[in-house]
Amino acid sequence: MIFTTTYGKLISDEVGMTGDGHPVYRILGIPYATAQRFHAPEAISYQRKEIINSGRGYCFPQRMIPGFFNLFLKHFQLRPEWQPRGDVQSEDSLRVNAWTCELDTPKPVLVFIHGGDCGSGTTPVYDGTHLAKQGIVVVTVTYRIGLLGHLRVVDGDRISCDRALLDQQAALTWVRSHIAELGGDPGNITLMGHCGGAFYALYQALNPDNHDLFHRLILCSGQRATPAPLDPEKEYIDFQEFLSRNHLASYNDLLDLSPKNILRLKAPRTFLSTTLEPPFFTDNPLDALREGRFPHIPVLIGTTGDELSMIEIPMWYKRMGIATNEADFSSTTERLYGHYAKLMADALRPESQNVTDLQIKMMELLMFHGASLNLMDQFSRFTNVYGYRFDYIPNLYRGLRGSYHGAEVVIFFNTLDRMRIPVSDENRAAVATVQQDWLAFIRDGIIPGRPRFGPDTKITHYQGNGEEIPFPHAELLRELEETDLATRALDNFMQQR
């Protein structure tokens, strides 16, 4: 089917029906901007009489590990439903994708930002069909990833770093301007991010230029991230070292490489870290958060119970510095965490299956749960905050990876059917519970019957029907917040993974 809008014609597919008989449409590959390699995005001037989208999924060039490796690793992110295997790989992939119904009736809008290492807005687990059936317009964003999105390049006096953030900002601007013609309400937009997409969404919320681009915020399983000041002299030295290490003479040689050869470059260890680079950052976002200089919109924040189960694989233990027996446990963890190692171990041992699982839970505590609690504490001083801990377990590998990193996204989007795994009655009940709560948040900014986060640290524990609990280990995490252990744990993880 072809939709005609004021900015052009759109190819769409009918992918389902709402409960009251309205068709659900999927619209893939709408260009929201264009960009030269390593330059900021620029708005597109549409030819209004022409078809402007491809009707296909697009992703930026990336490596995808052959599926047969996963016969041994059983790693959920290596499964085809977590990879954009059906997408067109192209540097011209600044695209949004939409799922909608009843174009004449304004509906709440959900804009989703995926994690920043790989993937795209059309990765199968992000399919918006089931949410659109419930009267939500879903928009997913494809933005520059990897070296194309994050490599810090020096071109004369120009330093370019975090192009992914600029891409996302351009997509949000596009949504506000154009979503009404796709059945969305531009006055009721929720921004949701997962993993790296969560701290991207956080930075979008703390950018004063974005104050009217969205009205709710959902941060799922975000790691701790601290933007670093931009040091032009250091960036110049680091970029020259990067060129030399890859046998390139200049910035122009980098521009001449094919996308396939870009993927083969040896990346700097810090290339995914965020810098306080204009034009996106005109102020330190953490200062804005601490001082309340941001739109006081409702926020939903949380983590899963098994964030790092993807590394619970024996072949990775040595690389990650994980002791495999009790005899080595104390010395290994004390070297990493000092006298706090025993405090964390004593708190987490009752929740752990063995000594390796205990060390992974210590990493999860620092990297994920601590970051989540810190954001809840800071946001709740200025606005309404809901927190969650997610412990539903999809029947993936018979529950081997537990409530893994991203499990809440699959349950909320209800894309278990894309995973080709058994779906139990318990899984269906989990979908119903989470969707009831989160769709209420998207529609009205409140979750009836669930606790708002405050001094009592109460959050919703998603297991069974969902229950109210104090944030686990809040007192310990607030003590650890005064240290640099979380930053050290994350740096070690990013370097060794």
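Any idea which of Arg79, Arg56, Arg48 is under 26 Å from Ile411 (Cα atoms) and touching a strand residue (DSSP E or B) at 6+ places or on another chain (Cβ under 8 Å)?
Every option except Arg56 fails the conditions.
Filtering Glu91, Glu102 for residues that are assigned to a loop (DSSP other than H, G, I, E, B), within 30 Å of Asp157 (Cα to Cα), open to solvent by 20 Å² or more (accessible area, probe 1.4 Å) and not polar (S, T, N, Q) leaves a single hit, Glu91. Listed conditions (1) of a type outside the set (D, E, K, R); (2) crowded, with 20+ Cβ neighbours inside 10 Å; (3) modelled with pLDDT under 95 are all met by Met344, apart from (3). Within region 71-93, residues that are without any contact (Cβ under 8 Å) to a residue 24 or more places away in the chain have Cβ atoms under 8 Å from residues that are open to solvent by less than 20 Å² (accessible area, probe 1.4 Å) in these pairs: Leu78/Asn70, counting only partners at least 6 apart in sequence or on another chain. The residues of region 253-283 that are in a helix (DSSP H, G or I) and either open to solvent by 60 Å² or more (accessible area, probe 1.4 Å) or without any contact (Cβ under 8 Å) to a residue 24 or more places away in the chain (or both), listed by number, are Asp253, Leu255, Asp256, Lys260, Asn261. Can we say Gly19 is open to solvent by less than 60 Å² (accessible area, probe 1.4 Å) and of a type outside the set (Val, Ile, Thr)? Criteria not met by Gly19.
Go through Glu408, Glu479, Glu475 for me and flag whichever is of a type in the set (D, E, K, R) and surrounded by 14 or more Cβ atoms within 10 Å (Cβ to Cβ).
One residue alone meets the criteria, Glu408.
Please verify whether region 429-449 includes one or more residues that are acidic (Asp, Glu), surrounded by fewer than 19 Cβ atoms within 10 Å (Cβ to Cβ), more than 19 Å from the chain's Cα centre (by Cα) and modelled with pLDDT of 95 or more.
yes
So, Gln77, is that one modelled with pLDDT under 95, touching a Gly at 6+ places or on another chain (Cβ under 8 Å) and either open to solvent by less than 20 Å² (accessible area, probe 1.4 Å) or part of a helix (DSSP H, G or I) (or both) or not? Considered against the rule, which asks whether it is modelled with pLDDT under 95, touching a Gly at 6+ places or on another chain (Cβ under 8 Å) and either open to solvent by less than 20 Å² (accessible area, probe 1.4 Å) or part of a helix (DSSP H, G or I) (or both), Gln77 comes out as yes.
Within region 347-369, residues that are within 18 Å of Ala327 (Cα to Cα) reach partners that are small (Gly, Ala, Ser) and open to solvent by 10 Å² or more (accessible area, probe 1.4 Å) with beta carbons closer than 6 Å, at six or more positions or on different chains, in the pairs Leu358/Ser352.
Of the numbered criteria (1) more than 23 Å from the chain's Cα centre (by Cα); (2) surrounded by 12 or more Cβ atoms within 10 Å (Cβ to Cβ), the one Phe72 fails is (2).
If the condition is being over 19 Å from the mean Cα position of the chain (by Cα) and either crowded, with 24+ Cβ neighbours inside 10 Å or part of a helix (DSSP H, G or I) (or both), then region 109-133 contributes Thr129, His130, Ala132.
When Leu165, Leu191, Leu213 are checked against the criterion of being more than 26 Å from Pro259 (Cβ to Cβ) and under 18 Å from the mean Cα position of the chain (by Cα), Leu191 stands alone in meeting it. The condition (being free of Cβ contacts under 8 Å to residues at least 12 places away in the same chain and closer than 21 Å to Glu181 by Cα) is satisfied by just one residue among Gly21, Gly29, Gly55, Gly16: Gly21.
The values are calculated or read from the model by the stated rules, or taken from the named source; none is laboratory data. Since the structure is predicted, the reported quantities are computational estimates derived from the model, not experimental observations. No Cβ is skipped: glycine too gets one built from the backbone with ideal geometry, and neighbour counts run over all protein chains shown. Just the protein is used for accessible areas: all its heavy atoms, side chains included, with ligands, DNA and RNA removed. Shrake-Rupley method; radii C 1.70, N 1.55, O 1.52, S 1.80 Å.
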